[in-house]
1. Looking at THR31, THR22, which one is closer than 16 Å to ARG88 by Cβ, touching a residue at least 40 places away in the same chain (Cβ under 8 Å) and surrounded by fewer than 22 Cβ atoms within 10 Å (Cβ to Cβ)?
2. Please give the number of the condition GLN103 fails out of (1) within 18 Å of LEU37 (Cα to Cα); (2) assigned to a helix (DSSP H, G or I).
3. Consider SER308 against the criteria (1) buried (at least 19 other Cβ atoms within 10 Å of the Cβ); (2) under 22 Å from the mean Cα position of the chain (by Cα): it satisfies all of them except one. Which criterion is unmet?
4. Pairs please, first residue from the range 69-83 and closer than 12 Å to ALA186 by Cα, second anywhere and modelled with pLDDT under 90 and of a type in the set (Val, Ile, Thr), Cβ atoms under 7 Å, 6+ apart in sequence or on different chains.
5. Condition (residue is without any contact (Cβ under 8 Å) to a residue 40 or more places away in the chain and more than 20 Å from GLY300 (Cα to Cα)) applied to the range 346-364: is it met by at least one residue?
6. With the condition kept exactly as written, say whether any residue in the range 123-134 is open to solvent by 60 Å² or more (accessible area, probe 1.4 Å) and in a helix (DSSP H, G or I).
7. Suppose we filter GLU49, GLU148 for residues that are charged (D, E, K, R) and open to solvent by less than 40 Å² (accessible area, probe 1.4 Å); which single one remains?
8. Here are some residues: ALA98, ALA94, ALA84, ALA55. Which one is small (Gly, Ala, Ser), buried (at least 20 other Cβ atoms within 10 Å of the Cβ) and either farther than 14 Å from GLY119 by Cα or at pLDDT 90 or above (or both)?
Amino acid sequence: MPGLRESLWRVAGFRNLWLSQTVTLFGTSVTLLALPLVGLFFLDASPFEIGLLWAVEYVPIVLVGLPVGVWVERLPLRTVMVVADVGRSVALLAVPVALWTDQLSMPLLYGVAFCIGLGTLFFDVAQLSILPDLVEENRLVDANGKLELSRSVAQIGGPGVGGFLVQVLTAPLAILADAITYLASAYFVLFIKGKPRAAPPAERLNLRREIKEGLRFVFGHPLIRPLLLCATLAELAFAAVLALQVVYAANELLMTPAVIGVVLAIGNGGGILGALVAEPFARRFGTGTAFMVAIVLFTGGSIALPMSIGPVSFGFGLFVVFLGAYIFNVLQVSLCQAVTPSHLLGRMNSVFRFATWGVIPLGAAGGGLLVDSVGLPGVFWMAAALNVLSFIPPLFSPIRRLRDYESAEAATK
């Protein structure tokens, strides 16, 4: 009998979904470097303008994060993903075209960043909603683990690839290359096989009532609610840490740029390990135990960071943080997909994205503002405290007693 890993690669729908996500993630890593560099080198942008450029990408989450779930449920998921990919590609193409026609400006870059964020929001909600249509329920953890593995590898290798392309091609041409990756992603989505599950017939509600129905489902579910609260608190903490990790390494631990790069790569390696071990760990020890261990790991890692005395201890802390976070992410996405009715998947996913992505700018900006009053170590200790608090919702819920998906279904009744 073929192993579970081999079987998933032979599922055409999942394989094309994985290829689509992978090329997109690496392309996005290029843009994360290239777009700010265009502003710096071609428009002489200030640090504030560059920071604003990063923040604008999250604005769509605040504006339409909740309605997106309703809209995605009303449309063919593959169509949503293709349109999102093509839209992001067209937005990026505007940058080299504007440069070559002498029309480049910061407002244009802000518009491009907004379109990228909007397309990513639609694509992500649709991707999370279509996965249960492509693989069997008992393979969701393994499938999500493979998708998260791609994300972690892209976080490690993507910046290096992006830096190389920017160096060789210049930033505008590197952005052009990223535009092509979105078109490649759309191509793979077109060949996703498998018939989506038909949603049960229901009376079409108005937008506001459908959003309320999604919110009521998420916050009324005994498993999804504590996971959402835990993930939101942890994401708020991680946003501050990720925004200040380079500053902390350079100013507090006196690392050189080369050492910082190595340390961050080691830290992201924890994400690779987490994505690989999430499924076998949950199968061996039970889903509930795996959840609680994952939270202990990323909380313990966050406590280790402000206690670091050098590159080794700081890299170890980051490694443990990413290890726990990726195990949690794989299990959380899989469990929520398994216990959510198909006609509510879009809204469930959009509520998660609205909450967890929406706090990222708040955490990053809040951490930066608090540095002057409490110092860098103080901000990192506050982030650790938030992670400790994130442990509480799952602890006092049925999650910690879960063994598998059958017990998850029983917990909802």
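The values are calculated or read from the model by the stated rules, or taken from the named source; none is laboratory data. Note that the structure is a prediction, hence the values are computed from the model and not measured. Note: ideal-geometry Cβ built from the backbone for every residue, glycine included; neighbour counts use all protein chains shown. Just so you know, the surface numbers come from the protein's heavy atoms only, side chains and all, with ligands and any DNA or RNA stripped out. Shrake-Rupley method; radii C 1.70, N 1.55, O 1.52, S 1.80 Å.
1. Details: THR31 fails: surrounded by fewer than 22 Cβ atoms within 10 Å (Cβ to Cβ).
Among THR31, THR22, only THR22 is closer than 16 Å to ARG88 by Cβ, touching a residue at least 40 places away in the same chain (Cβ under 8 Å) and surrounded by fewer than 22 Cβ atoms within 10 Å (Cβ to Cβ).
2. Here GLN103 clears every test but (2).
3. Only one criterion is unmet by SER308, namely (2).
4. Final answer for the pair search is ARG78/ILE192.
5. Step one: list which residues in the range 346-364 are without any contact (Cβ under 8 Å) to a residue 40 or more places away in the chain, which gives none.
Among the residues of the range 346-364, not one is without any contact (Cβ under 8 Å) to a residue 40 or more places away in the chain and more than 20 Å from GLY300 (Cα to Cα), which makes the answer no.
6. Within the range 123-134, the first condition is being open to solvent by 60 Å² or more (accessible area, probe 1.4 Å), and the residues that meet it are none.
No, that holds for no residue.
7. Values: GLU49 fails: open to solvent by less than 40 Å² (accessible area, probe 1.4 Å).
Sole residue among the options that is charged (D, E, K, R) and open to solvent by less than 40 Å² (accessible area, probe 1.4 Å): GLU148.
8. Values: ALA98 fails: buried (at least 20 other Cβ atoms within 10 Å of the Cβ); ALA94 fails: buried (at least 20 other Cβ atoms within 10 Å of the Cβ); ALA55 fails: buried (at least 20 other Cβ atoms within 10 Å of the Cβ).
Checking each option against the conditions leaves just ALA84.
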